[in-house]
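Here's the structure, in structure tokens; my notes come after.
The values are calculated or read from the model by the stated rules, or taken from the named source; none is laboratory data. The shown structure was predicted, so the numbers you read here are calculated from the model rather than taken from an experiment. No Cβ is skipped: glycine too gets one built from the backbone with ideal geometry, and neighbour counts run over all protein chains shown.
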């Protein structure tokens, strides 16, 4: 199966970017997305876990085998981290978005005044 373009793979790119900081579990990702979007995106469990399933199948993330602190952690939690491909896809998506913002700002910039 040929991988889709990075921004086509994930309907919720905000769920992928907090993983750049390290391993995270699902509930933490929901909070990260809320904070990252200043509360504009309220990610529900169904959307999050559907996205996680897609990212796993595309090998953009993987489940971590070790737990941060097993004695202080809930055994049911699964932790995820970006793969090298996932990090590359996240970087490509950030570059694409930055380019889009630059072009948008240029399109809406005031026209130069004529003398």
Could you identify the single residue in 63, 58, 8, 71 that is modelled with pLDDT of 90 or more and surrounded by fewer than 17 Cβ atoms within 10 Å (Cβ to Cβ)?
63
Residue that is out of contact with any strand residue (DSSP E or B) (no Cβ under 8 Å at 6 or more places or on another chain) and closer than 20 Å to residue 20 by Cβ, where the choices are 82, 60, 94, 56:
94
Between residues in segment 45-68 that are under 11 Å from residue 82 (Cα atoms) and residues that are part of a loop (DSSP other than H, G, I, E, B) and at pLDDT 90 or above, which pairs lie under 8 Å by C-beta distance while being six or more apart or on different chains?
59/83; 60/83; 61/83; 62/83
Scan segment 26-38 and give yes if some residue there is exposed (fewer than 13 other Cβ atoms within 10 Å of the Cβ), at pLDDT below 90 and in contact with a helix residue (DSSP H, G or I) (Cβ under 8 Å, 6 or more places away or on another chain), otherwise no.
yes
